[in-house]
Amino acid sequence: KGASRTGHSRSAILDGTYYDNKPIATSECLFCLDRHTGKKLWIYRRKGGSAIVNSAITVGGGHVYFIESDNPKALTDSDGRVTLEVLMDKGHAYLVKLDQRSGEKLWERRIELSTIRHVLFLSYANGMLVVVGSRNDGGHPRYDLHGFDAGDGRLVWSNHYIRTDKPTNGDHGEQDQHPVIIGNTVYSRPYAYDLKTGEKKTFKLDRGGRGCGGLSASASYLYGRGGNPRMYPLSGGGRSNIALTRVSRPGCWVNIIPAGGLLLIPEGSSGCTCGYPLQTSIGLAPREPNTL
């Protein structure tokens with residue numbers, strides 16, 4: 001109780017997301033329901049208790065993966081929001097794999113992420129687990145990326161980059177850029193990495209404008225905020241962009257949804273201090289070829 005946000009306000013953003021070393025939401029257990037009947041199929045709760053990192057839960061290949069902590073300091077936290085310094089304390093962090101159908105724990109591996117401070121994300125793709133977390137390094141935000149084999153949990157590769165264009169303790173999403181995976185490429189703004197090896201690619205994203213907000217993607221484009229909603233052709237290597245509107249903006253998180261051949265932008269700017277003429281949800285469709 002107390003971990004979830006229950007209101008929409010500037011203070012909720014400032015206290016819960018912006019700036020360094022903010023406590024993040026955790027849970028005590030994971031459970032699975034039948035989506036047709038609502039019947040509970042299984043529940044996972046670590047013996048002795050744990051704090052499961054809500055931002056580090058992912059599903060793929062018939063399995064559920066997550067990162068949890070058994071640090072006593074995390075278990076006794078009063079509202080379920082705990083700093084990563086406590087959660088990832090040495091010897092207390094685990095990467096866990098469950099069977100999606102039965103909830104059976106197939107394995108757990110100790111994971112060394114004790115230097116991570118600001119955010120922690122876990123993603124699954126093509127038999128790989130990608131862990132991304134941020135911390136400060138030399139006066140700038142640093143992102144650490146780790147690739148794990150989803151079959152046995154072994155560490156396959158590690159890489160990192162430093163956002164030398166950003167200062168520490170930023171207030172516009174510098175610490176919490178969620179990665180995007182397309183095929184065998186991991187995009188962690190502004191760079192791209194090989195999913196299987198962690199090798200850095202030549203791609204570098206020029207956002208084309210200011211603002212916070214994370215990236216989303218389709219097969220051929222990245223989508224994000226550069227002042228206004230923009231799309232970035234992957235074929236352009238991140239150097240080109242297309243403004244989708246000039247009179248609105250997406251929200252401060254992942255707010256552009258490519259689905260079913262449409263591009264959907266639910267209203268996300270009305271709770272922000274930025275002023276834009278139109279505060280409305282938008283659905284965009286591809287322009288039909290001119291057949292006249």
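Multiplying the residue separation of TRP42 and ARG239 by 0.36 nm and removing their Cα-Cα distance gives an extension gain of 66.2 nm. Rounded to the nearest 0.05, the FRET efficiency derived from the C-beta distance between ASP20 and ARG246 at R0 = 35 Å is 0.60. Computed on the Cα atoms alone, the convex hull of the range 147-286 gives a volume of 131 cubic angstrom per residue.
Rg/Rh, computed from the Cα trace of the range 222-292 with Rh as the Kirkwood radius, has the value 1.00. Counting only protein chain heavy atoms and rolling a 1.4 Å probe, the accessible areas of LEU84, LEU278 rank, largest first, as LEU278, LEU84. Ranking of ARG154, ARG117 by solvent-accessible surface, largest first: ARG154, ARG117 (1.4 Å probe, protein heavy atoms only, all chains present).
Dividing the alpha-carbon radius of gyration of the range 119-184 by the rule-of-thumb value 2.2 N^0.38 Å gives 1.20. The per residue volume of the convex hull around the alpha-carbon atoms of the range 35-79 is 123 Å³. In the calculated pair-distance distribution of the range 1-97, the portion above 18 angstrom amounts to 52 percent of the Cα-Cα pairs.
Each distinct pair of alpha carbons in the range 33-153 adds a 1/r term; the inverse of their mean, the Kirkwood radius, is 15.2 Å. Full extension of the segment from ARG109 to GLN279, taken as 0.36 nm per residue of separation minus the current Cα-Cα distance, would add 56.6 nm.
Computed with a 1.4 Å probe over protein heavy atoms only, the accessible area of ILE67 comes to about 0 Å². Over all pairs of different C-alpha atoms, the chain has a mean inverse distance whose reciprocal, the Kirkwood radius, equals 20.3 Å.
The values are calculated or read from the model by the stated rules, or taken from the named source; none is laboratory data. Predicted model, so just to flag it, every value in this text is computed and none were measured. Positions of Cβ are generated from backbone atoms using ideal geometry, with glycine treated the same way; all protein chains shown enter the neighbour counts. Quick note on the areas: whole protein, heavy atoms, side chains included, nothing else; ligands and nucleic acids left out. Shrake-Rupley method; radii C 1.70, N 1.55, O 1.52, S 1.80 Å.
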